[in-house]
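Trainee: Take this structure, written in structure tokens, and hold onto it; I'll ask about it next.
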Amino acid sequence: MMLTRCPACQTVFRLSPEQLNARRGEVRCGHCFHPFNAREHEIRPREALATQRAPHLTFPEIEKPEPPRPPAEPPHPAPEHSPTQAASLTDLDFEIPDFPGLTPPDERSAPQARETKPESSGQHTAAALPDVLRSGRRPASTEPAGHPEPASAATPEPFIEETPSSELRTEEPRAAPREAAAEREPTFSVAEPIAPVDIKPAHIDIARLDARYGRPPKPASAAIRTLEGLALGLLFGLLLAQGTYLYRTDIARELPGLRPILTSACAQLGCNVPYPRNAESIGLDASDLQSEPGRPGNYVLNATVNNRADYAQAWPHLELTLTDARDMPIARRTLAPDEWIPAAQQGEAFAGRRAVNARIRFEAPDLAPTGYRVYVFYP
């Protein structure tokens, strides 16, 4: 993530590498819409806080005591790991690592050179290295050569280096481990968005915006907007007329008051508004077939046809089938609406919730039917 600042309104944003590589660093301010290069206005994180200065350590020099003279009395046995030679830090056969904050003794002060006697190389062995390290932590014996201390008093006191008053300094207490780690981590400061200021048009490079993103569309004139409105209105009117024509039967069924208007409009266009034809809502409540007395071969069919729908429908057709004793059809006839509807009940449509009693006379001199079937349907 990278922080960048808008040069126009001074607003700080956080950008991801994908956003930077999309346009080679070119971005647009989301506050004032000013385009700029995010890499050129990157905000660097503040430098990490300086860590506390490490304490000043010094290394004491190691002195070689002179060889003891033969005493008058038998000397006490020497300690097992007594120093056998004098050595300085420069005479060691290993290197002291350079730790940050440590100052070598030769840079802090220039001690006077001490005379050392040449010794054979056989005395510098790997077994003596621990003795040199231990003798480096304590000073050499200050007793004269002729009066060595007994073995019981050979352990020296802890060495404390005296620091001049000019080098005394006060050190701040060290923070807890977590707090010290938090202080060593670099901190990033994100500036709060500044209140928007009035930006003059001169601060925005209009030519650069037009070259990169194109010119903004000009508002349409009043005449063009009027023509667009008329075109939309005409298209909407054509769509409404087409839907009315296609669904004129359903509209007239649900809104019977609009049927006269639809009928007159269709008369101008050369069409009509048909009535619904739902044969399932038309039932045959009762029927009876009888022969006329004194007139052989003449029959009378009485049937009650009922429109159970709530709306008017077209008049249905009736199908009469005569059967024999084995219920096999021997004659069939289809009756149109004007053949079975009584003259007093004829009309344009079969009204809803209405029943019609039909009385149908017909002749069948050569047939002797024993049964019949009546079927209501729409052709």
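The values are calculated or read from the model by the stated rules, or taken from the named source; none is laboratory data. Fair warning: this is a prediction, and the values are worked out from it, not measured in the lab. Using ideal geometry, Cβ is built from the backbone for each residue, glycine included, and neighbour counts are taken over all protein chains shown. Ligands, DNA and RNA are excluded from the accessible area calculation, which covers all protein heavy atoms including side chains. Shrake-Rupley method; radii C 1.70, N 1.55, O 1.52, S 1.80 Å.
Trainee: I'd like the accessible area for Tyr375, computed on protein heavy atoms only with a 1.4 Å probe and all protein chains in place. Round to 10 Å², please.
Mentor: Estimated to the nearest 10 Å², Tyr375 gives 130 Å².
Trainee: Once ligands and nucleic acids are excluded and a 1.4 Å probe is used, how much of Val300 is accessible, expressed in Å² to the nearest 10?
Mentor: 10
Trainee: Leaving out ligands and nucleic acids, note down the accessible area per residue over region 270-364 with a 1.4 angstrom probe, in whole Å². Spell out each step's value before the answer.
Mentor: Details: 5290 Å² over 95 residues.
Result: 56 Å² of accessible area for each residue.
Trainee: To continue, here is another question. Just to confirm a number: summing +1 for Lys and Arg and -1 for Asp and Glu over residues other than His317 whose beta-carbon lies under 14 angstrom from that of His317, what do you get? Don't jump to the answer; show the numbers that get you there.
Mentor: Numbers: positive: Arg277, Arg332, Arg333; negative: Glu319, Asp338, Glu339.
Its environment carries a net charge of 0.
Trainee: For the ranges 258-268, 218-228, what's the packing order if you count other beta-carbon atoms within 10 Å of each residue, average per peptide, and put the highest first?
Mentor: On the way: 258-268: 13.6, 218-228: 9.5.
Answer by packing, highest mean first, reads 258-268, 218-228.
Trainee: Working with all protein chains in place, sort Phe13, Phe33 by solvent-accessible area computed with a 1.4 Å probe, largest first.
Mentor: Values: Phe13 60, Phe33 125 Å².
These residues rank, largest area first, as Phe33, Phe13.
Trainee: Taking amide hydrogens as modeled 1.01 Å from N in the peptide plane, which residues meet the under 5 Å criterion relative to Ile43, leaving out close sequence neighbours?
Mentor: Here Leu3, Thr4, Arg5 satisfy the definition.
Trainee: Quick check: with the 1.4 Å probe, what order do Thr370, Thr334 take by accessible area, largest first?
Mentor: Thr370, Thr334
Trainee: Sticking with this one: Applying 1/(1 + (r/R0)^6) with R0 = 25 Å to the Cβ-Cβ distance of Thr334 and Ala267, what FRET efficiency is obtained, to the nearest 0.05?
Mentor: Numbers: r = 30 Å, r/R0 = 1.22.
The pair Thr334/Ala267 has a calculated efficiency of 0.25.
Trainee: Return the FRET efficiency for the residue pair Gln242, Ser221: r is the Cβ-Cβ distance, R0 is 30 Å, and the value is rounded to the nearest 0.05.
Mentor: Efficiency computed from Cβ-Cβ geometry: 0.40.
Trainee: Place +1 on the Cβ of every Lys and Arg and -1 on the Cβ of every Asp and Glu in region 217-326, take the dipole about the Cα centre, and give the residue among Phe236, Thr263, Asn278 whose Cα lies farthest towards its positive end.
Mentor: It is Phe236.
Trainee: Run the simple label-point estimate for Glu363 and Met2 please: 7 Å along Cα→C-beta, distance reported in nm.
Mentor: Each label point lies 7 Å from its Cα, and together they span 10.9 nm.
Trainee: Taking K and R as +1 and D and E as -1, what net charge do the other residues with C-beta under 12 Å from the C-beta of Arg353 add up to?
Mentor: Neighbour charge sum, excluding Arg353 itself: +1.
Trainee: Report the accessible area of His41, computed with a 1.4 Å probe over the heavy atoms of all protein chains in place, in Å² rounded to the nearest 10.
Mentor: 60
Trainee: Also, I was wondering about something else. Between Leu230 and Thr370, 0.36 nm times their residue separation minus their Cα-Cα distance comes to what?
Mentor: Working: separation 140, 0.36 × 140 = 50.40 nm, distance 7.21 nm.
Here the segment from Leu230 to Thr370 would lengthen by 43.2 nm.
Trainee: Considering the zone a paramagnetic label at Asp310 would reach in this model (a point 7 Å from Cα along the Cα-to-Cβ line), which residues of region 336-377 have amide N under 14 Å from it?
Mentor: Answer for region 336-377: 352-353.
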